Amino acid sequence: MTLVYFILCCYGLTQILVYGSILDSIRPKEGKLGELFRCPMCLGFWVGLILWALNSYTGLFSFDDSLVTGVLLGCLSSGTSYILTMLFDDEGIKVKSH
């Protein structure tokens, strides 16, 4: 369950940072940061790394302090945030009609 909680927290935070309208006025629009904040895969990596760094402050998940673990969790967050973004939108499951 630990990984499920971690993945859902990463996905939720990534969604808020990339798509949350409340952040429109402060979200970077140009440059490398602007690119980062438009990409759930890219930002998902950093969200995963940050949540790994903060994991000692929560009981939801607990991981060791190894930097390798942090990078792997960042990759996990990146991949799952991207996959979930491609599967779901505001109307539910995305369905492509051909």
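Brief remarks on what is shown
- For residue 88, residues with placed amide H under 5 Å, excluding near neighbours: 94
- Segment 1-96: GluC sites (Glu not before Pro) in DSSP loop, at most 10 other beta carbons within 10 Å: 30, 91
- Sulfur and carbon atoms: percent of accessible area, segment 1-86 [1.4 Å]: 72
- Based on Cα contacts under 8 Å between residues 6+ apart, segment 33-98 shows a relative contact order of 37 percent.
- Å² per residue, accessible surface of the chain at 1.4 Å: 68
- Qualifying aspartates and glutamates (Cα of each under 19 Å from Cα of residue 32; at least 8 residues distant if same chain): 24
The values are calculated or read from the model by the stated rules, or taken from the named source; none is laboratory data. Because the structure is predicted, anything quoted here is derived from the model rather than measured. Backbone-built Cβ (ideal geometry, glycine too); neighbour counts: all protein chains shown. Ligands, DNA and RNA are excluded from the accessible area calculation, which covers all protein heavy atoms including side chains. Shrake-Rupley method; radii C 1.70, N 1.55, O 1.52, S 1.80 Å.
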